[in-house]
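Working notes for the structure below.
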Amino acid sequence: MRIAVISDVHSNLPALEAVLEDLGRVDEILCAGDLVGYASQPNEVVDLLRRRGIPAVMGNHDYAAVTGEVEWFNPSARRAALWTRERLTEENRRYLRSLPEELRLTREGVRIYLVHGSPRDPLFEYVFPDLPQRQLLELVRGVEAQVILLGHTHVPMRRVIQGKLVLNPGGVGQPRDRDPRASYLVLTLEDGEAEAEFRRVEYDIDRAAEGIRKAGLPPELASRLYVGW
Ligand code: ZN
């Protein structure tokens, strides 16, 4: 069985479309949160993910867009969150509000745990790829799953700790590892074993950047897409 894992789409429709086209044959798609925020097409992104029936968890930007609680954001993220909040349709607002903070699934006998930030702080804590093993162990110790899927950092990650595979697919809509291509992964489950393949996809950055500028969103949200930071 093959499961595509995406995260941090951040209202970037051209990037999401490119990833969905690139997937090939997969049995399921999971989304680790932050559907909205930053770019200019929140409703189009949420509509597409809902239409495809893609299970998702809530990210901090999704939370901010539905609650208006933005005080922890930097100024451009704050502006984008409030801009998004004004534009979300009632239906999409309700959908984002309904997203769970964690998802637990079992596929082919493999237990999978999905969260945006970290198991102890689902919305806000960052788990970067260089987190020392001891701290990572602390985070995942209580999670009864073989595969732990995270988002939030926009940086791809693969770690193995106590037999648990800890993965972050990187960012679809705003990669932050200095590679501007949209990032995602495909999880293969076979005979109770799990392995991940990381993928990068070029997309029409001009289209996304122009949308951001035309919407009057902070221009640095457009320029950073070209450098993947
Ligand atoms: Zn994010």
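The values are calculated or read from the model by the stated rules, or taken from the named source; none is laboratory data. Because the structure is a prediction, the values reported are computed rather than measured. Reconstructed Cβ throughout: ideal geometry from the backbone, glycine too, with neighbour counts over all protein chains shown. To get the accessible areas, we keep the full protein, side chains included, count just its heavy atoms, and leave off ligands, DNA and RNA. Shrake-Rupley method; radii C 1.70, N 1.55, O 1.52, S 1.80 Å.
Numerical summary
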item	result
Sequence-separation-based contact order of the chain, relative, with Cα cut under 8 Å and 6+ spacing, percent	24
Residue 227 versus residue 138: modelled label distance in nm, points set 7 Å from Cα along the beta carbon direction	3.3
Label-point separation in nm, residue 69 to residue 128, each point 7 Å along Cα→Cβ	2.5
Trypsin sites (Lys or Arg not before Pro) lying in DSSP loop within the range 39-119, provided at most 13 other Cβ fall within 10 Å	52
Two-site label geometry, residue 101 and residue 161: point separation in nm, points 7 Å out along Cα→Cβ	1.9
The chain - percent of accessible surface contributed by carbon and sulfur, probe 1.4 Å	46
Length gained when the stretch residue 120-residue 190 is fully extended (0.36 nm per residue, less Cα-Cα span)	22.3 nm
Solvent exposure of the range 2-226 as accessible area per residue, Å², 1.4 Å probe	43
Cα extents of the range 135-176 along the three principal axes, largest first (Å)	30, 17, 13
Rounded D (µm²/s) - the chain, Kirkwood Rh over Cα pairs, Stokes-Einstein at 10 °C, 1.306 mPa s	92
